[in-house]
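Taking it in order: structure first as structure tokens, then the write-up.
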Amino acid sequence: MERTLTICFAQASDRPAKALNDPVRISDYPIPYAKRSLLEHAEAHLFLQLVEGWQFSIYLYTAHIVRGQAMQLQLGEGLVLFVYQLKGRINRLLHGGAPFRLEKGRYCGCYLPAGNYLFNLPPGQHETLLVAFPYGYLVWLTRQYNELHPLVNAWKTNADPPLCLREATLMQDEQRTLQRIRNCPKRGDELDGALKIYLARLLALYHERLQQQPAIHPIDTMLDGVQAHIEAHYAEKYSMRLKGISRQFGWSAPALRHAYAAKYGISVACAVRMQRIHAAKHLLLDTELSLTAIAERVGFMYAESLIRAFKRETGLTPTAFRQQH
């Protein structure tokens, strides 16, 4: 299938990767038959092992990060991805700044519309496996897996915003299948056929895990409403404080603080700030508005507040970001 997915360092998005001949030694899953490449930036290394077959693509990213890095996932068109966190974690930021954290030993399926998606990699080593299929083949693979149908339907309708299914835990069956992918002795057409069998097995296991999970708790529904409220009203200066949001949803501030952080891995205040910075980026690139005007539009009291928050989040001042892009 045609490659439409790229991951790069957000502050060096145009930097080309270097082809590698040697195995990726820091990977727990070195794939001998994969194409290998390396991106380097600011004491960070991002290795890619890529396997492109007929009707599937496998991307295995291995990162060694000395200082936390903002990363960017670039999609040329909408795509369903099955994401397996093999080591470390990722803090994903979908369109609109919606936070979601994927920890080691967890995986999920998601549909992402075309666009650029920011996520953070904290210091340490991280390994993430992405599996993608073309639309028609995914429809065929999931025809009996009703738990996965929302992904296909979202892709069919070009849904926006992104859709993520519930997470599952990597169990022994998943681990065994991943090892078979890594150690597959086949090559050529036989390799392609064997990998398709293993990947179909991963989808079947994901469907089983979702069927075994209990129904979504009402708290999750409430937190989804909180997140939607943040995305819609981030520019309101006073009502977007924790106390105002908790009052809006009939919760105490401490209870909302704890529940939101448990689900998303960040505070409500951080989510509001990231949403404002995301909106500020668009205004910096698409308009010639002053920093004072942008701060006013996205919910900061003063331009200085925007500058401090923007630099803390991206490592750049708003002016430098505008100049570099």
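Within the chain, the cysteines lacking any other cysteine Cβ closer than 4.7 Å to their own Cβ are CYS8, CYS108, CYS184, CYS270. When the chymotrypsin sites (Phe, Trp or Tyr not before Pro) in the range 228-325 are filtered for DSSP coil states and for at most 15 other beta-carbon atoms within 10 Å of their beta-carbon, the remaining sites are TYR238, PHE249, TYR302. Convex hull volume of the C-alpha atoms in the range 27-143, normalised per residue: 113 Å³.
The distance separating the Cα centre of the range 36-84 from that of the range 200-252 comes to 27 Å. When the C-alpha to C-alpha distance is required to be over 21 Å, the pairs from LYS104/LYS196; LYS35/LYS196; LYS104/LYS186 that qualify are LYS104/LYS196; LYS104/LYS186. The convex hull defined by the C-alpha atoms of the range 218-324 has an orientation-averaged projected area of 6.7 nm². Taking GluC sites (Glu not before Pro) in DSSP loop states with no more than 16 other Cβ atoms inside 10 Å as exposed sites, the chain has its longest site-free stretch at 78-235. Between GLN175 and GLU43, the contour length at 0.36 nm per residue exceeds the alpha carbon distance by 44.5 nm. Legend: calculated FRET efficiency, GLU208 to GLN125, from the Cβ-Cβ distance at R0 = 30 Å, rounded to 0.05, equals 0.50. Of the chymotrypsin sites (Phe, Trp or Tyr not before Pro) found in the range 40-133, the ones in coil according to DSSP and having at most 12 other Cβ atoms within 10 Å of their Cβ are TRP54. Partner lysines whose Cα lies under 21 Å from the Cα of LYS281, excluding those fewer than 8 positions away in the same chain, are identified as LYS237, LYS311. Here is how the number arises for the chain: DSSP H runs of 4 or more residues each give -39500 (n - 2.57), the sum is divided by the residue count, and the result at 222 nm is -12500 deg cm²/dmol. Model label sites at MET301 and MET222, defined 7 Å from Cα along the beta-carbon direction, differ in position by 3.0 nm. The mean sequence distance of close C-alpha pairs (under 8 Å, at least 6 residues apart), as a share of the length of the chain, puts its relative contact order at 13 percent. Applying both filters, DSSP loop and at most 14 other Cβ atoms within 10 Å, to the trypsin sites (Lys or Arg not before Pro) of the range 194-244 gives LYS237.
Every read-out reported here was derived from the displayed coordinates using simple, explicitly stated rules and does not represent laboratory data. In this text, all values refer to a predicted model and were calculated from it rather than measured experimentally. Methodologically, a virtual Cβ is constructed for each residue, glycine included, from the backbone with ideal geometry; neighbour enumeration extends over all protein chains shown.
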